[in-house]
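Student: My structure is below; once you've seen it, I'll send some questions.
The values are calculated or read from the model by the stated rules, or taken from the named source; none is laboratory data. Just so it is clear, the model here is predicted, and its values are computed rather than measured. Every residue, glycine among them, receives a Cβ derived from its backbone with ideal geometry; neighbour counts consider all protein chains shown. The accessibility values were calculated without ligands, DNA or RNA, using every heavy atom of the protein model including side chains. Shrake-Rupley method; radii C 1.70, N 1.55, O 1.52, S 1.80 Å.
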Amino acid sequence: MTLAPETNAAYALVDRVAEGIGRGSLPAKIFNDPGIYELEKENLFSKVWNFLAHESEIPEPGDYVVRSIADNSILVARDESGQIHAHLNMCRHRGNQMCKSEIGNSSHFRCSYHGWVYKNSGELVAVPYHKQAYGTQLRKTDWGLVPVKIDTYEGLIFGSLNNEIESLDEYLGGFQFYLDYYLKAGLEGVEVYGPPDIWESKCDWKLWAENGSGDGYHTPVTHQFGFHLGYFASSGATHSIGHAAHIPGKGHGIGLGETPGMPPFLGYPDEIVESINKSFTEAQKAAFHPVRTAVGLVFPNLNFLSQPFSPIPGEPGVRFTTMRQAQSLGAGRMRLTSWCLMPKDAPKEFKEAAYKAYTLAFGPGGMFEQDDMENFNNITHQLQGSAVREIELPYVMGMDAEQLPDYPGPGKVVKPYMNDSNFRNLWGTWASYVSGERKGANHR
């Protein structure tokens, strides 16, 4: 097959990533590139497991949300028997968008163009003027909504457009150990608290994803005022203490920042700390008791952050957990969706305080979110420069770091928390998908 010149150029750029990242080098040109965006749509987002929703967002029969995989609209709904389904959000007749509301409850969906009606489980159940228009030539059983493959882990609903993809359990590859830090915060697990915040940014999603897989290096600089004013449960001197962990070849990574002498799970009420200790394994308790801040990424674009935060500087903090997903809208543009996760069994007073802390810190107008977005947008803009695009960026931090032999968690785990190890794994995994090497991807 003969590829267009711009596609060949994009593949060549991906090869540069694959060849250079092992020695700690990444071409700046990888950001803002339209050819790369097209390859990501075809070979990455269409081939991996993509987060779609949390089960608590659709708790009742008929509940639904509309989400996206790459540039495809996805309808996620709980049917009348309680089973969860995902379908392409398009009528099978002429391709009209079936559901135009982002969230709601409905037993059926009716196309606004010609009126075809589908159950929330996907079956086509009504066609206007069926006998007059089609006679016996249209069988409704052949024209249901197009299903999207789904799987779940601890309330997270993932979908994939790749019928050959490995199971979600295999895809996560042991990263479940670390995900539990966020998802098993109590015996009853967690729930989404409030509606998600959604905004768009002139940022390349890959910059955001890299930061979200454990970049503790930027915090004492970008968010320096947080230390001076007492928002954080650490200082600039102790902030680098901790671990960086990733699952080799999978792209998932997490940074675990630690503060010496800090009580386990600082910022949670005592009863939640007690239930967390009951829900975690002994290995998880050994790994997580020292953790102050946990920032991690499920490859390619689902981020989690949990940390204590003092809304009133100097006072005891409250812990919040946010889950965020970056959807690429094109070269150098993304849409960010942000949820606040809460222990289901937490007291109401704590939930209200934690949600306020989340909003102040990492809501769309949050003080730290604005810090980060200013940097991400500026980097995205700067890397469009004709000279800058040809420059290589260094990813050599922690190149000589060795696997910790006695760490209780899986994957490659190194010290300190400030480390490029997770990022090198992230970029290597990204290149293996975007190049077409992974099963089910479009090969050159």
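Student: Whole percent per 5 Å bin, from 0 to the bin with the longest distance: what is P(r) over all C-alpha pairs of the stretch 216-258?
Tutor: Each 5 Å bin holds this share of Cα pairs: 5, 22, 26, 18, 12, 9, 5, 1.
Student: Divide, for the chain, the radius of gyration over alpha carbons by 2.2 N^0.38 Å, where N is the residue count.
Tutor: Working: Rg = 22.7 Å, N = 444, 2.2 N^0.38 = 22.3 Å.
Normalised Rg, Cα atoms only: 1.02.
Student: Can you sort His252, His85 by 1.4 Å-probe accessible area, starting with the largest? Provide the component values of the computation, followed by the final result.
Tutor: Details: His252 0, His85 35 Å².
Highest to lowest solvent-accessible surface, that is His85, His252.
Student: Continuing with this model, one more query. For the stretch 168-295, what's the radius of gyration and Dmax over Cα atoms, in angstrom?
Tutor: Expressed in Å, the Cα Rg and Dmax of the stretch 168-295 come to 15.9, 43.
Student: What does the net charge come to around Gln384 if you take all other residues with beta carbon closer than 11 Å to its beta carbon, with K and R at +1 and D and E at -1? Mind showing how you got there, number by number?
Tutor: On the way: positive: Lys29, Lys202, Arg389; negative: Asp33, Asp204.
Charge balance near Gln384 sits at +1.
Student: Under Stokes-Einstein, with the Kirkwood radius over Cα pairs standing in for Rh, what whole-number D in µm²/s applies to the stretch 220-328 at 10 °C and 1.306 mPa s? Spell out each step's value before the answer.
Tutor: On the way: Rh = 15.0 Å.
Reported coefficient: 106 µm²/s.
Student: Find the relative contact order for the chain and round it to a whole percent, using C-alpha pairs within less than 8 Å whose residues are 6+ positions apart. Let's see the in-between values first.
Tutor: Numbers: 957 pairs, mean separation 96.9, N = 444.
Relative CO of the chain lands at 22 percent.
Student: A further question on this structure: Taking every pair of Cα atoms in the stretch 262-308, average 1/r, invert it to obtain the Kirkwood radius, and report Rg/Rh to two decimals. Don't skip to the answer; put the middle values down first.
Tutor: Numbers: Rg = 11.8 Å, Rh = 11.7 Å.
In the stretch 262-308, Rg relative to Rh is 1.01.
Student: Step through the residues of the stretch 217-222 one at a time and calculate ³J(HN,Hα) from phi using the Karplus curve (6.51 cos²θ - 1.76 cosθ + 1.60, θ = phi - 60°), rounding each to whole Hz and writing x for Gly and Pro.
Tutor: Once rounded to whole Hz, the list reads 5, 7, 4, x, 9, 4.
Student: Another question, if that's okay. Please state, to two decimals, what the Cα-based radius of gyration of the stretch 139-239 comes to when divided by 2.2 N^0.38 Å (N = residues).
Tutor: Dividing the Cα Rg of the stretch 139-239 by 2.2 N^0.38 Å gives 1.55.
Student: Leaving ligands, DNA and RNA out of it, work out the accessible area of Glu282 with a 1.4 Å probe and give it in Å² to the nearest 10.
Tutor: 130 Å²
Student: Considering only protein heavy atoms, what is the solvent-accessible area of Met373 at a probe of 1.4 Å, reported in Å² to the nearest 10?
Tutor: Ignoring ligands and nucleic acids, Met373 comes out at about 20 Å².
Student: Between Ser167 and Gln370, what is the FRET efficiency for a Förster distance of 45 Å, r being their Cβ-Cβ separation, to the nearest 0.05? Mind dumping the intermediate values first?
Tutor: Details: r = 39 Å, r/R0 = 0.87.
So the FRET efficiency works out to roughly 0.70.
Student: So for the stretch 1-58, considering every pair of alpha-carbon atoms, how many percent are separated by more than 13 Å?
Tutor: On the way: 1136 of 1653 pairs.
Distances greater than 13 Å cover 69 percent of the Cα pairs.
Student: So what is the calculated 222 nm ellipticity per residue for the chain, using -39500 (n - 2.57) for each DSSP H run with n of 4 or more, over all residues, to the nearest 500 deg cm²/dmol? Walk me through the numbers on the way to the answer.
Tutor: On the way: 12 runs with 114 residues, N = 444.
For the chain, the value works out to -7500 deg cm²/dmol.
Student: Given points 7 Å out from each Cα along the Cα-Cβ axis, report the His114 to Lys285 separation in nanometres with one decimal.
Tutor: 6.2 nm
Student: Please list log₁₀ I(q)/I(0) at q = 0.12, 0.14, 0.18 Å⁻¹ for the stretch 289-444, using the Debye equation with identical point scatterers on the alpha-carbon positions.
Tutor: -0.75, -0.99, -1.37
Student: Next question, about the same structure. Working with all protein chains in place, sort Thr152, Thr429, Thr238 by solvent-accessible area computed with a 1.4 Å probe, largest first. Walk me through the intermediate numbers first.
Tutor: Working: Thr152 65, Thr429 5, Thr238 35 Å².
So, going from the largest accessible area down, we get Thr152, Thr238, Thr429.
Student: Could you rank Leu156, Leu207 by how accessible they are, 1.4 Å probe, largest area first? The partial results should precede the final answer.
Tutor: Working: Leu156 0, Leu207 25 Å².
Ranking Leu156, Leu207 by accessible area, largest first, yields Leu207, Leu156.
Student: Residue separation times 0.36 nm, minus the C-alpha to C-alpha distance between Val146 and Ser73: what's the value? Before the final figure, lay out each step's value.
Tutor: Details: separation 73, 0.36 × 73 = 26.28 nm, distance 1.16 nm.
Using 0.36 nm per residue and subtracting the Cα-Cα distance, I get 25.1 nm.
Student: Another question, if that's okay. Leaving ligands, DNA and RNA out of it, work out the accessible area of Asp169 with a 1.4 Å probe and give it in Å² to the nearest 10.
Tutor: 100 Å²
Student: No solvent, one uniform scatterer per C-alpha: report log10 I(q)/I(0) for the stretch 363-408 via the Debye equation at q = 0.14 1/Å, two decimals.
Tutor: The Debye formula, applied to the Cα set alone, gives -0.66.
Student: A follow-up question, please. Using a cut-off of 11 Å between beta-carbons, work out the net charge of the residues near Gly173 (Lys and Arg +1, Asp and Glu -1, Gly173 not included). Numbers along the way, then the final one.
Tutor: Working: positive: Lys250; negative: Glu166, Asp169, Glu170.
For residues surrounding Gly173, the net value is -2.
Student: Percent of alpha carbon pairs in the stretch 95-176 separated by more than 18 Å?
Tutor: Numbers: 1910 of 3321 pairs.
For the stretch 95-176, the share of Cα pairs beyond 18 Å comes to 58 percent.
Student: Over the stretch 129-258, with every protein chain in place, what whole percent of the accessible area is carbon and sulfur at 1.4 Å, could you tell me? Don't skip to the end; give the middle numbers.
Tutor: Working: 2910 of 5580 Å².
The value for the stretch 129-258 is 52 percent carbon and sulfur by accessible area.
Student: List the pairs from Lys285/Lys348; Lys119/Lys149; Lys184/Lys278 whose alpha-carbon separation is above 20 Å, in the order I gave them.
Tutor: Details: Lys285/Lys348 26 Å; Lys119/Lys149 18 Å; Lys184/Lys278 10 Å.
The pairs that break the limit, which is 20 Å between Cα atoms, are Lys285/Lys348.
Student: Also, quick follow-up: Take the eigenvalues of the Cα gyration tensor for the stretch 301-369, scale each by 5, and report the square roots as semi-axes in whole Å, largest first. Could you put the intermediate results ahead of the total?
Tutor: On the way: eigenvalues 128, 39, 14 Å².
Equivalent-ellipsoid dimensions as semi-axes: 25, 14, 8 Å.
Student: Counting Lys +1, Arg +1, Asp -1, Glu -1, what net charge surrounds Ala244 among other residues with beta carbon under 9 Å of its beta carbon?
Tutor: That works out to +1.
Student: Strictly greater than 23 Å: what percent of every Cα pair in the stretch 33-159 meets that? Kindly include the intermediate steps, with their values, before the conclusion.
Tutor: Details: 2879 of 8001 pairs.
For the stretch 33-159, the fraction of Cα-Cα distances above 23 Å is 36 percent.
Student: For the stretch 190-231, what is the convex hull (Cα atoms) projected area averaged across all directions, in square nanometres?
Tutor: Details: hull surface 20.0 nm².
It is 5.0 nm².
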